[in-house]
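One structure below.
The values are calculated or read from the model by the stated rules, or taken from the named source; none is laboratory data. Quantities reported herein were computed from a predicted structural model and do not represent experimental measurements. All Cβ positions, even for glycine, are placed from backbone atoms using ideal geometry, and neighbour counts span all protein chains on display. Keep in mind that these areas ignore ligands, DNA and RNA; they rest on the heavy atoms of the full protein, side chains included. Shrake-Rupley method; radii C 1.70, N 1.55, O 1.52, S 1.80 Å.
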Amino acid sequence: MNLKNILMADSQNNVNTDFCPKSVSELLNGTYVFVIPSYQRGYRWEEKQVIDLLEDIYKFSKSNQESYYLQPLVVKRCKWKDENGKENDAWEVLDGQQRLTTLYLILIYLFENSLTRSEEKTFTNDKIYKITYTNRPQLNFEDPKPQDNIDSYYVRTAKDSIMAWFERQTQSGNDVETAFKHCLMYSNSKSLVKFIWYEVPETGNTIESIQVFNRLNKGKISLTSSELIKALFIMDSNIISNNDRTKADELVLDFNQMERQFQNNKFWAFISNDNDDYQTRIDVLFDFLTEKFKENEDKDYAYRKFQNLYDYCRNKDSVELDELWKNKNIYSMQDAWKEVVKTYDRLLAWFEDIMYYHYVGFLVRMGNQPREIFKFLSEKKGDSKEWTLDDTKKVFYEKIMDCFKEKDKYLTVESIDGLEYGSDFVFRILLLFNIESCIRKGQRFDFDSFNNEQWDIEHINPQNNASLVERDDRIRWLKNVKFILETKEKLFERKTEAEKLQKECETLIGDYEKSERGIDNKYKDFSKKAMEYFSESNNKSNVIENNDSISNLTLLDFRTNREYQDAPFPYKRYRIVEEDKEGKRFIPVGTRNVFLKYYTNSDKESSFIDALRWTKTDAECYLQEIHKVVDPIFNVFNVNKTENHE
């Protein structure tokens, strides 16, 4: 029977109770208990989905339509034990649990906040249908604590979204609560919200329930490949154990533990690229195991591989096993599960090892998949029994150098000096420099914070700011200069010149704020004098000749760069030090050290104590440090070569 037939049956009151419309109000008699089985994911609706449902129901309530049909609610009769151990009749939900749970939360809101005194006598709390999640029987729908578990987090988010939506509508003068009560709670209302109720015949067989769930959800956008794979493992476990739930429950616990690890943002940031398009994070684990290439856009690729293995296990005579499993010597779902656990343990070991963490993290940033990295390492190692840590490091170096190839030629140590602003290699070298610096200090580079920002290549010593043409940009720049001239005045060796510049700067700011005419030339003249003052122009031999050179470039997050763009070096230095102290923004170690002049030789160079200028000497010392850190990697193909960049 299709949807059209259902609607016709509804209008004719000729209802097939196994496959029919059922209004939400019919579920408010205190007898309905819905059980969400363990092979399904938990509640995962986000704010947008909750708001969309609220808006749809409200729009329907204002129309003249008699029925608003939700997606099918596919159920099967089952038994359920309450908290007292008493067995009760219940409904196992095979499909539709997300909407069912969201409506439950909406009803809780209405019962708690909008009932009149007369309604409170009819609609008591025990009339609302009950929902229990097998994986989380203690899930608190009334007061969920988001820190407890991922289901509680989503339930809390949904409840807050529902309350905020009703409050906004009420403040706008809309009587939404009455509208919702009529279409959800009153069975005699002219407009009712209804499920398409589909009851699967009762068999007592958990396997058939999972098969129905699998068929219903295969191909749905809302269900992920990993969730279908999980269902296959549970189904196989129940078959092997003759429906002994112990093994399946252990598997679910292990699966959930893995899933929680992938929800760890620091773990996820290390193993995934910002551009990776995964439905859920744990999908990366199954893509790794099934050797899915990043060019493959089939989101169900891994699921199809596991489905093939499952089908083969059920009927070896008629199903051809995929070559993937043959090559891995896997011929059962139990063997596949062992490989899943082994792969997960490998990724976790990488995360915990400082060398693997940083080099895998860098390679992933450069577009490599964890599976590709593992394959490269395995092929290099081969059957060697004398493989050392140094061998692994060397292989990592070789893989990293693939990120520095142009027209099949590797970038050389000598060519680093010639890199300039605009080259893709600049970002890669600066990121590698920061990561390798962390390794040398025994620290962990924060890939999570790094991924949360957009990154620019910033000039340490600013370019010619006379290029600023917008009035507001010029005022911002002038105020930055004035700030430095005021706060650093006592340190200036040319105090008289500083005071003169400060007064001229204040006058220009006032002229711009008054929108005086003819001040553009004054601004250009002043900016030239200010930049000469901050660039040690009195010592021509120590002025940076090429501002676009890599020795004058560093990584800076997009927001910080836009806020202090083209500001003089001392102002950038001041702001970055302050940002680092506050800890509100992630400042890479290399960027912080550059503005602290950490790399300038304090024993030989007087510029070490000059906080006002970034000089040629500073840039040369910075470049020497870059070479010191990255040259061992760039020389991996010529281990006997040594370079002196002192």
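Restricting to region 513-534, count the residues that are open to solvent by 10 Å² or more (accessible area, probe 1.4 Å), within 45 Å of the chain's Cα centre (by Cα) and either more than 20 Å from PHE569 (Cβ to Cβ) or touching a residue at least 12 places away in the same chain (Cβ under 8 Å) (or both).
4
State whether the residues of region 550-571 include one that is modelled with pLDDT under 75, of a type in the set (Asp, Glu), over 34 Å from the mean Cα position of the chain (by Cα) and open to solvent by 10 Å² or more (accessible area, probe 1.4 Å).
no
Is region 288-298 home to any residue that is surrounded by fewer than 16 Cβ atoms within 10 Å (Cβ to Cβ) and either farther than 25 Å from ALA231 by Cα or in contact with a helix residue (DSSP H, G or I) (Cβ under 7 Å, 6 or more places away or on another chain) (or both)?
Yes: one or more hits.
Just name the residue that is least open to solvent (accessible area, probe 1.4 Å) out of those in region 47-65 that are out of contact with any helix residue (DSSP H, G or I) (no Cβ under 8 Å at 6 or more places or on another chain) and in a loop (DSSP other than H, G, I, E, B).
SER63
What number of residues within region 238-258 are touching a residue at least 24 places away in the same chain (Cβ under 8 Å) and within 16 Å of VAL340 (Cα to Cα)?
Count: 7.
Looking for something among the hydroxyl-bearing types (Ser, Thr, Tyr) and at pLDDT 95 or above - is there at least one such residue anywhere in region 296-317?
No, region 296-317 contains no residue that is among the hydroxyl-bearing types (Ser, Thr, Tyr) and at pLDDT 95 or above.
Quick one: ILE162 ticks every box in (1) open to solvent by 30 Å² or more (accessible area, probe 1.4 Å); (2) in contact (Cβ under 8 Å) with a residue 60 or more places away in the chain except a single one, so which number is it?
Answer for ILE162: the failing condition is (1).
Which ranges mark the helices (runs of 4 or more DSSP H) fully within region 399-475 that have 1 or more residues being open to solvent by less than 60 Å² (accessible area, probe 1.4 Å) and of a type in the set (Val, Ile, Thr)?
It comes to 413-416, 424-440.
Please determine, by comparing only the residues of region 67-117 that are of a type in the set (D, E, K, R) and under 31 Å from the mean Cα position of the chain (by Cα), which one is least open to solvent (accessible area, probe 1.4 Å).
Out of the qualifying residues, it is ASP95.
Anything in region 170-188 that is open to solvent by 30 Å² or more (accessible area, probe 1.4 Å) and either touching a helix residue (DSSP H, G or I) at 6+ places or on another chain (Cβ under 8 Å) or of a type in the set (S, T, N, Q) (or both)? List them, or say none.
THR170, GLN171, SER172, ASN174, GLU177, THR178, HIS182, TYR186, SER187, ASN188 - these are the residues of region 170-188 that are open to solvent by 30 Å² or more (accessible area, probe 1.4 Å) and either touching a helix residue (DSSP H, G or I) at 6+ places or on another chain (Cβ under 8 Å) or of a type in the set (S, T, N, Q) (or both).
Among PHE404, PHE374, which is the only one that is in contact with a strand residue (DSSP E or B) (Cβ under 9 Å, 6 or more places away or on another chain) and either within 18 Å of ARG281 (Cα to Cα) or not β-branched (Val, Ile, Thr) (or both)?
Step by step, each of PHE404, PHE374 is checked, and only PHE404 is in contact with a strand residue (DSSP E or B) (Cβ under 9 Å, 6 or more places away or on another chain) and either within 18 Å of ARG281 (Cα to Cα) or not β-branched (Val, Ile, Thr) (or both).
List the helices (runs of 4 or more DSSP H) inside region 81-185, counting only whole elements, that have at least 2 residues being of a type outside the set (Val, Ile, Thr), closer than 25 Å to LEU251 by Cβ and at pLDDT 90 or above.
Passing ranges, in order: 97-113.
Scan region 468-520 for residues that are on the phi > 0 side of the Ramachandran plot and modelled with pLDDT of 75 or more and report the count.
Final tally of qualifying residues: 1.
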